[in-house]
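Structure first, commentary second.
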Amino acid sequence: MTDPAEHIETAAVTAGRPSGPGSPVNTPATFTSTYRFGGDVGYGRWGNPTWSAFEEALGRLEGGYAVAFSSGMGAVSALIDTLPLGSLVVAHDTAYSGTRSLLAQCAAHGTHRIRRVDMTDTEATIEALDGAELLWVETPTNPMLGIVDLSTVLGTANARGVTSVVDNTFATPVLQRPLEFGVTAVMHSATKYIGGHSDLLLGAVVTRDEAMRDQLLAHRTSRGAIPGTMEAWLALRGMRTLPLRMERAQSNALALATRLRAHPAVVAVSYPGLSDHPAAAIVTQQMDGPGAMVSFELADAQIADAFTAKLRIITDATSLGGVETTIDRRSRWDGDEGVPVGLMRLSVGIEHVDDLWADIAQALQT
Ligand SMILES: *Cc1c(COP(=O)(O)O)cnc(C)c1O
């Protein structure tokens, strides 16, 4: 758990390390499928000291108990599975496509009921909570960068006994700590900013509810969506520089969003750090910064694809949160059909901002 006096930059560096004379400074990667009889764990699917170190560190940053999974979707599945059969889940109309399609599958199989709502509309969200078991929030949303009012929405969910989850992948605990707003559980795709180098897949849930933590651990052990040792080790190493990476990527993002908005070829820019974002006031209330994801719209798919083909530094690839800047025209993927065809989702990295802008400017030239 977080020590309120501790800054996140310090926690990111000090958490999850061995202690005591003679111990290594870093937690070793423990590659083993089993353990000699008589210890705490027993078998490799039940636990691993490298996972534990990653969990301790992420738990410190978010302020709860972390449970790591094989991927972000492994974490989403575990959370959905802890609900009673037939539960009503309130979810975003537009949000991460993987979560939306998993929920659609649950509805099609009849295991859960899904109610979709535009969660940037606070009143509509509160209305949608009627009879719900779970509220699934993402903020900022992927890929439209909409913002959900955490204190109002989570406060109402708690007052009505509705369990809640915030997918905190875009903001990371550096910029937003939903447990402080009363959410039941925070979910992460650690594949993104936490790992930070586009070289692994990993997921996690963080909660202050011990019963939920135990349920998630039991689920992971029996269903088997366990993290890999190497992935947990790399993600812990990535976490050491998370605050530093976020700081640089965010300042690059603000500069690029501002320049994009002024460019005649750009139809619209959505970035929570621009003063004309519809939820700019909520951003300052609940986030320590607007993050490093910028979405902008070009006139049509053809123009957008021609732009992408001309980029030299920025990589045309999906996923996000790496040190390198990547760009993705989202509507080309299944599951993001509702997104405008010319919408470009830019994951801003830590390169020099002038080089990034020069690359964008030359590619926008017709
Ligand atoms: C990528 C992503 C996920 C899924 O995580 P994986 O690690 O790819 O399984 C969930 N939510 C958001 C917001 C994401 O960007």
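Tabulated data for the structure shown
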| quantity | calculated |
| --- | --- |
| Matching strands (runs of 3 or more DSSP E) fully within segment 249-342 where at least 2 residues are within 16 Å of the ligand (Cβ to nearest atom) | 293-297, 326-329 |
| So GLN176, is it surrounded by fewer than 16 Cβ atoms within 10 Å (Cβ to Cβ) and within 16 Å of the ligand (Cβ to nearest atom) | no |
| Qualifying positions in segment 179-204 - within 12 Å of the ligand (Cβ to nearest atom) and in a strand (DSSP E or B) | VAL186, MET187, HIS188, SER189, GLY203, ALA204 |
| So ASP93, is it in contact with an Asp or Glu (Cβ under 7 Å, 6 or more places away or on another chain) and in contact (Cβ under 8 Å) with a residue 24 or more places away in the chain | yes |
| Failed condition for VAL266, given (1) at pLDDT 95 or above; (2) under 15 Å from LEU145 (Cβ atoms); (3) under 24 Å from the mean Cα position of the chain (by Cα); (4) among the β-branched types (Val, Ile, Thr) | (3) |
| Criterion violated by GLY44 - all others in (1) over 22 Å from ALA185 (Cβ atoms); (2) within 16 Å of the ligand (Cβ to nearest atom); (3) of a type outside the set (Lys, Arg) satisfied | (2) |
| Among residues of segment 132-152, those that are closer than 21 Å to LEU320 by Cα and either away from the ligand (no atom under 16 Å from the Cβ) or part of a loop (DSSP other than H, G, I, E, B) (or both), counted | 10 |
| GLY349 vs. criteria at pLDDT 95 or above and either in contact with a Phe, Trp or Tyr (Cβ under 6 Å, 6 or more places away or on another chain) or more than 16 Å from the ligand (Cβ to nearest atom) (or both) | no |
| Selection status of ASP214, touching a strand residue (DSSP E or B) at 6+ places or on another chain (Cβ under 8 Å), more than 28 Å from LEU343 (Cβ to Cβ) and not hydroxyl-bearing (Ser, Thr, Tyr) | no |
| Subset of segment 153-168 that is small (Gly, Ala, Ser) and not in a helix (DSSP H, G or I) - its residue that is nearest to ALA66 (Cα to Cα) | SER164 |
| Number of the exception - THR284 against (1) in contact (Cβ under 8 Å) with a residue 60 or more places away in the chain; (2) within 27 Å of VAL353 (Cα to Cα); (3) not hydrophobic (A, V, I, L, M, F, W, C) | (1) |
| Enumeration of residues in segment 205-215 that are away from the ligand (no atom under 16 Å from the Cβ) and either part of a loop (DSSP other than H, G, I, E, B) or crowded, with 24+ Cβ neighbours inside 10 Å (or both) | THR207, ARG208, ASP209 |
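Conditions (1) within 16 Å of the ligand (Cβ to nearest atom); (2) at pLDDT 95 or above; (3) in contact with a Pro (Cβ under 7 Å, 6 or more places away or on another chain), marked per residue:
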| site | (1), (2), (3) |
| --- | --- |
| THR2 | no, no, no |
| ARG17 | no, yes, no |
| ASN48 | no, yes, no |
| GLY72 | yes, yes, no |
| LEU103 | yes, yes, no |
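The values are calculated or read from the model by the stated rules, or taken from the named source; none is laboratory data. Keep in mind it's a predicted model, so treat the numbers as computed, not measured. A quick note on method: Cβ atoms are made from the backbone with ideal geometry, for glycine too, and the neighbour counts reach across all protein chains shown.
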